[in-house]
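Step one of this worksheet: look at the structure below.
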Amino acid sequence: MANRLLILLAFTALFLFSNSVLCKDSKAKDVVNDNDDDDDDEDLSFLEEADPKGEAASHKFNPGQDKVEDQYHEDDDDFGNFSDFDDSGLDQDAYKEPEVDDKDVVVLKERNFTTYAAAATELKGENVVLAKVDATEENELAQEYDVQGFPTVYFFVDGVHKPYSGQRTKEAIVTWIKKKIGPGINNITTTEEAEGILNSEGKVVLGFLNSLVGSESDELAAASRLEDDVNFYQTVNPDVAKLFHIDPEVKRPALVLIKKEPEKLSHFDGKFDKSSIVEFVFANKLPLVTVFTRENAPAIFESTIKKQLLLFASSNNSKKVVPIFQDAAKSFKGKLIFVYVETDNEDVGKPVSEYFGVSGDAPTVLAYTGNDDAKKFVLDKEVTLDSVKAFGEDFLEDKLKPFFKSDPIPETNDGDVKIVVGNNFDEIVLDESKDVLLEIYAPWCGHCQALEPTYNKLAKHLRGIESIVIAKMDGTTNEHPRAKSDGFPTLLFFPAGNKSFDPITVDTDRTVVAFYKFLKKNASIPFKLQKPASPPKSESTDAKETPKSSTPNDLKDEL
């Protein structure tokens, strides 16, 4: 075995952490002190009687239920869900999946992390080890490598790791690894070879060198290994250079990037070293404007260029505004990704528009900081070359005011549970005179639906306490910088007089009694709930004698 060990490592989870799924189990983990309140002597039996028995507390988590992906829209399974694993589009008769054996994949633990075994099935003999870690078992290891979700794939060379951001298919992974461990560049010696490459590949880099070996070739090869999605070639043949639009008489070394895009050619004019070449290719390899599709979504959102400008326009308006957008993009190569979303495309355009809160037929330009930060900014002017360029510059210089989605403010809001939207969040939640409990929910989330009866019952009991507000907000259609959720439902408590601080995440049993004790413990304004007076005996007797008044739903509404 060679001295240099190459490892492709995938962090996986047999049981996903609760915060890796957006619709979370409604049975929260045990909290030590919340149920050991100083008010244990308080008679809360009337709350227990009113609590919907087993509705939320016994709701079990089903990994297949209510799970959504973290990109764009809950109903669009193909965004960010690594659907590239799906082989359904292949000709199964023409392609037979080779037998694979899981024993070829090394299972790593902290004690044997530096060990290796035979290469995985597809890469046996390639001096590569494929390994996997169950992050639920190896918590400390996952934290050490900042694993944020599953699967996370890292590539290690001599102990140094970098994330794998390519497609999640066997072919893509094998090709990517072979490029990392191979020479990085290929020679083109004939015009026939050159024509075949130009016809078959979408983007290529060609170096026109003085020699196919030596320092120039070494720099080009080193740059190639740092670029995952562009193939590099080299030649000394002037006829080949001419086919790649390089002047045969030019001073060597020369380099060109060719794409099958409106901006076809990009000529390199910098110092011929690894860093300069990588910087040039990185800035020029993307199209001026990328049309958003399911297939290229990972390339957009996993790019090292996090900031994006998105143009939302219908197919009818695209002929007018897309060329303007392309011209503006020329000034931001390597700084911003320009993306066009066709709003009348039912498959992708509509859900993406809904995710970003874009509506109407007029072309809209929106700046987006990427999934990690997820801040949005809207161009509030007509889409022109000057307005887009100025908007892009302000975006890079952090001069823009964020845009947040909001449903219309309710005309009336007199219910026990107050309705919060983006535009009334400050008024209700950040009211310094109120202790506010806020549920961030999703209408489709089963755990949110299971919690609703308990939450409504809590609000009904506390409606007479002026200092407390029980509220909820649809997290799929409303946003606010103070309303951060790691899934649905998320329960946040905003104490009175402390609204400038981060809210308290409510992590307790999801029963009326547990919520009440949490509020008693954490509320800035002390309160005590009076036990309701018992109903007259005659009324109780009548209730037993009248079938209609003793239905389960009616009993749940009693105090």
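The values are calculated or read from the model by the stated rules, or taken from the named source; none is laboratory data. Quantities reported herein were computed from a predicted structural model and do not represent experimental measurements. So basically every Cβ, Gly included, is an ideal-geometry build from the backbone, and we count neighbours across all protein chains shown. Please note that ligands, DNA and RNA were not included when accessible areas were found on the heavy atoms of the full protein model with its side chains. Shrake-Rupley method; radii C 1.70, N 1.55, O 1.52, S 1.80 Å.
The residues K260, K180, sorted by heavy-atom accessible surface at 1.4 Å with ligands and nucleic acids left out, run K260, K180 from largest to smallest.
Run the numbers for Q530 and K178: contour at 0.36 nm per residue of separation, minus the present Cα-Cα distance, in nm.
Values: separation 352, 0.36 × 352 = 126.72 nm, distance 7.15 nm.
Taking Q530 through K178 to full extension adds about 119.6 nm, to one decimal.
Of all DSSP bridge pairs formed entirely within the stretch 418-522, close to 45 percent run antiparallel. Sequence-ordered 3J(HN,Hα) estimates for the stretch 132-142 from the Karplus curve with 6.51, -1.76 and 1.60 and θ = phi - 60° stand at 9, 10, 7, 5, 6, 8, 10, 4, 5, 5, 5 Hz, glycine and proline given as x. For the stretch 176-193, putting each phi into the Karplus relation 6.51 cos²θ - 1.76 cosθ + 1.60 with θ = phi - 60° gives couplings of 4, 5, 4, 5, 5, 9, x, x, x, 10, 10, 8, 10, 10, 10, 5, 5, 4 Hz, in residue order, rounded to whole numbers and with x for Gly and Pro. Taking Cα centre as origin and charging only the Cβ of basic (Lys, Arg, +1) and acidic (Asp, Glu, -1) residues, the dipole magnitude of the stretch 256-298 rounds to 120 debye. Per residue, the stretch 418-522 exposes 35 Å² of accessible surface when a 1.4 Å probe is rolled over the protein heavy atoms with every protein chain present.
A dipole drawn for the stretch 301-397 from +1 and -1 charges on Cβ atoms has a positive end, and of F332, L311, A362 the residue lying farthest that way is F332. Sorting the Cα pairs of the stretch 418-522 by distance into bins of 10 Å, from 0 upward, gives 15, 53, 31, 1 percent per bin. Restricting attention to the stretch 183-285, close to 55% of DSSP beta bridges with both partner residues there are antiparallel. Working from label points 7 Å from Cα in the Cα-to-Cβ sense, the S315 to E346 distance is 1.2 nm.
In nm², what is the average projected area of the convex hull enclosing the Cα atoms of the stretch 301-397?
Details: hull surface 23.6 nm².
If I average the Cα hull's projected area over directions, I get 5.9 nm².
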